[in-house]
Amino acid sequence: MEIESNLYSILEKAERSGVSYADVRYQEHYYESILVENKVLRNYSSRKFSGVGIRVFVEGALGYASTCNMSRESLIRALNNAINVARALGKGGEKSLDFETNRAEVRSNFKVDPINVSPEEKISVTLDANKSAFIEDRVKNAATRIGFLKDLRLFMSTVGANVKVETVMSGLWHQSVAKSSMAMEKVGYSESKCAGFEFIASRDWNGFSSNLSKLAIEASEARTPPAGTYMVIVDPDAIGLLLHEAFGHASEGDLISTRESVLFGKVGEKIASEEVTIVDDNVEDGYFYPYDDEGTAKRRVVVVEDGVLRGYLHDTSSASKTNAQSTGNGRAQDFENIPIVRQANYFMQPKDYSFEELVEDVDYGIYVSGKGATGGQVDVGMGTFTFSVGPSKIIRGGKLEETVRGVVVSGLILDTLKTIDAVGKDLTIRTNVFGGCGKMGQTVRVGFGGPHVRVQKMIVGGR
Amino acid sequence: MSLVEKAVRRILDFGASESEAYLQSEKILWIEFDEKIECFKVIESSGIGLRAAVGKRVTLYSTSVIDDGSIEDAAEKVVKIAKIVPEDPEWRHFNMDLGKSSAEGYYDKSVEEIEHKRVAENVKLAIQKIKDYNVKVKPVRGLLMISTTKTFVANCYSEEFEMRETGVSAVVRVKAEEGQWKSIGSEHFETRFWKMMDLEEIASKAAEKALKFLKAKPIESCRMPIIIRNDVFASILGTMLSGPISADWVQKNRSPLSGKLKTQVACDKFTIVDNGILYGGMRTRPFDDEGHPTQKTYVIKEGVLENYLYDTYTALKDDVKSTGNASRGSYWLPPQASPSNLILEAGDVSSEEIVKETRRGLLVEDVIGEWLSNPVSGNVNATVTHAYLIEDGEPTTPVKGVTVSGDFYKMILEDLEMVGKDVRNNNQYHSPTVKFREMIVAGK
């Protein structure tokens, strides 16, 4: 790669200029998305961007600069900008950080590069899926989006790291809006995988969209559950969302180093029931994540083991501030941003209950489903959460019965984790090509999930 | 031949009937700070957005890789996609009237040439200013952003036009603490010129605000006269009017101002101007994002709705001329009709007089969540974080944690009592301090 030798000479130049450490991050990013609404192609958007971010440490001060012009002249200007900025800050307080020196070249599995597939073929899949959603006239509106990502990241540093990661991702999102005499309900859901166009070609998207229409119709005719505290079974989508937002962020090392997190100072304490083990890792079904944006290999982090808090997620900076080791969780949205602590694939480990066993012991409760969830709000300092989940089902006498809509669950995450009394043996982890998780203005793609989980007490409010 | 002119020609070569190229390159100094500088970044970015029309089939393709090979690929790709997207029956043509207006005051050489060291010193002084201000306050989040932007536009009807803009903006948040009392004070400033940016002054104002509101508390729910500070009402104007006065909203029938041209929509003290040639305005430029010259347009004159804002597409649809309001969020997005510098024109009283003439009321100094107000229904809603109760013409008790709400169109038509002369900007939106006869306050 010609770029690689140019970047190598930039690092050499950085060393000669007296930096104590420097790294460069080159990125090449393609994104394509096609939107069909009510059987009409609405938008075909296609975007390519690339460039380099240069990070330097000079006498403990951090400097950063980026450019999307790859000429040697422009790279040198960016390096000088970074050094200049670090010098402008004067002596900094950062301890010397401990960076890994990995050398690797990896790419996610894919057979057919989606960027090379003809636009006609992509439009045709999207259009067909959209048309299939109109199963009857109670379906009032249907939107379908197909999306593809190809992201190449090259990390090189003055301590000798050279890590190249290429990720290809494909997915389809669909939303159906149904109207009955009772209400209007919309249900949206997506399936994505770190794979090429073969993933799109292998699935029945017409069945996918018509099922979402059925669910929307069913929900539009359902009632909302009476507000109260219920025993609930939470599905993998919902437990994944809940863990990522309400617990995962609180376990991020930067919020520990500033003492903002509700989990600060609790390592070794029992914070959840013994059934609960929570892990952050690079996993097959999640987002492809062998290395982070500081060239650190991703380590499997057991955040909670049998109910006991074991550790946090770290990048090099938060690790140094808390006398820990980076877990490979330093991530940046793109080359214009500096890495910060982020989750990768955050999920609960399965145990040994079958779904039937989980349900049969519930006298009266709710089966909470994440499919069609519309979002929520959390406070990582307090550990409170509120989520609006998808159409769910009432459980009566150990059996799934009628559908309910407008289910909002809320509570204190540490209380909720303590009342988990049974964990299923299934495991589903999902990722999403259409978006990700936002923190401090940076969005990154993540994976999350878990098994089916039974919670003794959860507050459920109707809308 | 320049890069954009070349792109324009290549798109035609690949079989398009019309073509357009828009190139933007930007340099940003980005400094985040709290009690020290946390992050100092220099970002240089650029990108080109290509539009092709094949008959009435129109699309956009963009890339940040700007060299001959990539432009060639992008030109080929945009035409390929244009050929298969559905026709837009309303499509006429790209902008045929490219050129420059007389706009001035949008570029400052000293911004482009500023030294990093000088910027860092400035920020450090501002941090120190807060620390010295009072032991009870500390900076919790600050951002200084300094940018230089170059834009090039050309299409199949015209050669290239070029402009260079600069901008300096800052936000400082300060926290005050005393016993169980806690408060936040926040100040912002946006300008085109480096010499106008006084970061220490902004820092002191934020610190002063935080201290003054340490013991602020909610008041009882009621209806009362409300005075809204200039930059706060500027933001409310932006939220409530940007969409509704855009021809795009009007044509899609989403605007509450649809079908109301030449009618009285506000009282005669209410005059709204969209001024693309305002000296020093944050959105002042010689041409808009499709190369059309900018201009000054009366939107509402003494209460009468005079004009909507147009880009080429919406103008051709209504058989009128573009008002030079084409705007792209970024090079990879298509242009849309939206305001440049949107201004509520000054009245003739000072803000002190407005306060003095109010027996009892609420003087609103800062709000959050005003952007959640609904421009379609006209429902204004904001959470007041900083306000004073006015008693007998004097600001007295500091107030926070109440919401104010009202119907925007009733507010500007029936309830607008006084318009100040202290016009100030909040980014591209400008307003003086205003007084409304009555709004709903929800508190304890």
(request) Restricting attention to region B:1-16, report how many residues are surrounded by fewer than 20 Cβ atoms within 10 Å (Cβ to Cβ), not hydrophobic (A, V, I, L, M, F, W, C) and not in a loop (DSSP other than H, G, I, E, B). (result) 4
(request) Give the residue, chosen from B:I31, B:I43, that is within 23 Å of the chain's Cα centre (by Cα), crowded, with 22+ Cβ neighbours inside 10 Å and free of Cβ contacts under 8 Å to residues at least 40 places away in the same chain. (result) B:I43
(message) Looking only at region A:333-360, filter to residues that are in a loop (DSSP other than H, G, I, E, B) and under 20 Å from A:F57 (Cβ atoms); which one of those is farthest from the other protein chains (Cβ to nearest Cβ)?
(response) A:P339
(message) Based on this model, can you work out whether A:V455 counts as modelled with pLDDT of 90 or more, crowded, with 17+ Cβ neighbours inside 10 Å, assigned to a strand (DSSP E or B) and aliphatic (A, V, I, L, M)?
(response) yes
(message) Every residue in region A:362-383 that is surrounded by fewer than 16 Cβ atoms within 10 Å (Cβ to Cβ) and touching a residue at least 12 places away in the same chain (Cβ under 8 Å), please.
(response) A:D363, A:Y364, A:T374, A:G375, A:G381, A:M382
(message) Here is a list: A:I135, A:I123. Which entry is in contact with a Leu (Cβ under 8 Å, 6 or more places away or on another chain), of a type outside the set (G, A, S) and surrounded by fewer than 21 Cβ atoms within 10 Å (Cβ to Cβ)?
(response) A:I123
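Just checking, does region A:411-418 include any residue being of a type in the set (A, V, I, L, M) and surrounded by fewer than 21 Cβ atoms within 10 Å (Cβ to Cβ)? Show your work before the answer.
Let us first name the residues in region A:411-418 that are of a type in the set (A, V, I, L, M), namely A:412-414, A:417.
From what's left, surrounded by fewer than 21 Cβ atoms within 10 Å (Cβ to Cβ): A:412, A:414.
Checked region A:411-418: at least one residue is of a type in the set (A, V, I, L, M) and surrounded by fewer than 21 Cβ atoms within 10 Å (Cβ to Cβ).
In the list B:L278, B:L214, which residue meets the criterion of being part of a loop (DSSP other than H, G, I, E, B) and over 30 Å from B:A442 (Cα atoms)? Quick ask: steps written out before the conclusion?
On the way: B:L214 fails: over 30 Å from B:A442 (Cα atoms).
Of B:L278, B:L214, the one residue that is part of a loop (DSSP other than H, G, I, E, B) and over 30 Å from B:A442 (Cα atoms) is B:L278.
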(request) Go over the candidates B:I245, B:I272, B:I202, B:I277 one by one and state the one that is in the same structural domain as B:N122 (by TED's automatic domain parsing) and closer than 25 Å to B:E165 by Cβ. (result) B:I202
(message) Step by step: first the residues of region B:96-146, then only those that are in contact with a strand residue (DSSP E or B) (Cβ under 9 Å, 6 or more places away or on another chain), part of a loop (DSSP other than H, G, I, E, B) and under 20 Å from B:I202 (Cα atoms), then the one that is nearest to the other protein chains (Cβ to nearest Cβ). Which residue is that?
(response) B:I114
(request) Restricting attention to region B:17-70, report how many residues are facing chain A (nearest Cβ under 9 Å), small (G, A, S) and not in a strand (DSSP E or B). (result) 2
(message) Looking only at region A:42-52, filter to residues that are surrounded by fewer than 21 Cβ atoms within 10 Å (Cβ to Cβ) and more than 7 Å from chain B (Cβ to nearest Cβ); which one of those is farthest from the chain's Cα centre (by Cα)?
(response) A:R42
(request) Scan region A:399-447 for residues that are closer than 28 Å to A:K150 by Cβ and assigned to a strand (DSSP E or B) and report the count. (result) 11
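Just one of A:I271, A:I217, A:I239 is more than 30 Å from A:K164 (Cα to Cα), of a type in the set (A, V, I, L, M) and buried (at least 24 other Cβ atoms within 10 Å of the Cβ); which is it? I'd like the intermediate steps shown before the answer.
On the way: A:I271 fails: buried (at least 24 other Cβ atoms within 10 Å of the Cβ); A:I217 fails: buried (at least 24 other Cβ atoms within 10 Å of the Cβ).
Matching residue, one of A:I271, A:I217, A:I239: A:I239.
Can you say whether A:I271 is among the hydrophobic types (A, V, I, L, M, F, W, C), assigned by TED's automatic domain parsing to the domain that holds A:T443 and modelled with pLDDT of 95 or more, as far as the supplied structure shows? Step through it out loud before you land on a result.
On the way: among the hydrophobic types (A, V, I, L, M, F, W, C): yes; assigned by TED's automatic domain parsing to the domain that holds A:T443: yes; modelled with pLDDT of 95 or more: yes.
Spelling it out, A:I271 is indeed among the hydrophobic types (A, V, I, L, M, F, W, C), assigned by TED's automatic domain parsing to the domain that holds A:T443 and modelled with pLDDT of 95 or more.
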(message) Every residue in region B:84-100 that is under 19 Å from A:V40 (Cα atoms) and either surrounded by fewer than 17 Cβ atoms within 10 Å (Cβ to Cβ) or among the acidic types (D, E) (or both), please.
(response) B:I84, B:P86, B:E87, B:D88, B:P89, B:E90, B:W91
(request) Go through region B:135-155 residue by residue and tally those that are of a type outside the set (V, I, T) and touching a Leu at 6+ places or on another chain (Cβ under 6 Å). (result) 1
(request) Could you check A:L79 against (1) more than 8 Å from chain B (Cβ to nearest Cβ); (2) in a helix (DSSP H, G or I); (3) over 32 Å from the mean Cα position of the chain (by Cα) and say which number it fails? (result) (3)
(message) Just to verify a result, which residue in region A:322-332, among those that are among the polar types (S, T, N, Q) and surrounded by fewer than 21 Cβ atoms within 10 Å (Cβ to Cβ), is nearest to the other protein chains (Cβ to nearest Cβ)?
(response) A:T322
(message) If I filter region A:31-41 down to residues being more than 9 Å from chain B (Cβ to nearest Cβ) and in a strand (DSSP E or B), which single residue comes out as surrounded by the fewest Cβ atoms within 10 Å (Cβ to Cβ)?
(response) A:E37
(message) Given the criteria closer than 30 Å to B:P293 by Cα and not assigned by TED's automatic domain parsing to the domain that holds B:T284, does B:S169 qualify?
(response) yes
(message) Out of everything in region A:104-133 that is away from every other protein chain (no Cβ under 14 Å) and over 26 Å from the mean Cα position of the chain (by Cα), what residue ends up being farthest from A:S210 (Cα to Cα)?
(response) A:D128
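Hey, any hits in region A:156-178 for a residue that's outside any loop (DSSP other than H, G, I, E, B), surrounded by 19 or more Cβ atoms within 10 Å (Cβ to Cβ), within 14 Å of another protein chain (Cβ to nearest Cβ) and not aliphatic (A, V, I, L, M)?
Filtering region A:156-178 down to residues outside any loop (DSSP other than H, G, I, E, B) leaves A:156-157, A:162-178.
Subsequent filtering for residues that are surrounded by 19 or more Cβ atoms within 10 Å (Cβ to Cβ) retains A:156-157, A:163, A:165, A:167-178.
Retained after the next criterion (residues that are within 14 Å of another protein chain (Cβ to nearest Cβ)): none.
No, every residue in region A:156-178 fails to be outside any loop (DSSP other than H, G, I, E, B), surrounded by 19 or more Cβ atoms within 10 Å (Cβ to Cβ), within 14 Å of another protein chain (Cβ to nearest Cβ) and not aliphatic (A, V, I, L, M).
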(request) Could you list, in sequence order, all residues of region A:53-76 that are under 16 Å from A:Y8 (Cα atoms), more than 10 Å from chain B (Cβ to nearest Cβ) and touching a Lys or Arg at 6+ places or on another chain (Cβ under 8 Å)? (result) A:I76
(request) State all residues of region B:394-434 that are basic (K, R), assigned to a loop (DSSP other than H, G, I, E, B) and modelled with pLDDT of 95 or more; if no residue qualifies, say none. (result) B:K421
(message) Out of A:V262, A:V279, A:V308, I need the residue that is of a type in the set (A, V, I, L, M) and buried (at least 19 other Cβ atoms within 10 Å of the Cβ). Which one?
(response) A:V262
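Any residue in region B:134-145 that is under 30 Å from B:G99 (Cα atoms) and assigned by TED's automatic domain parsing to the domain that holds B:Q24? Show your work before the answer.
Restricting attention to region B:134-145, the residues satisfying the condition of being under 30 Å from B:G99 (Cα atoms) are B:145.
Of the ones still in play, those that are also assigned by TED's automatic domain parsing to the domain that holds B:Q24 are B:145.
Checked against the condition, which is being under 30 Å from B:G99 (Cα atoms) and assigned by TED's automatic domain parsing to the domain that holds B:Q24, region B:134-145 yields at least one hit.
The values are calculated or read from the model by the stated rules, or taken from the named source; none is laboratory data. As the structure is a prediction and not an experimental result, all values here were calculated from the model. Using ideal geometry, Cβ is built from the backbone for each residue, glycine included, and neighbour counts are taken over all protein chains shown.
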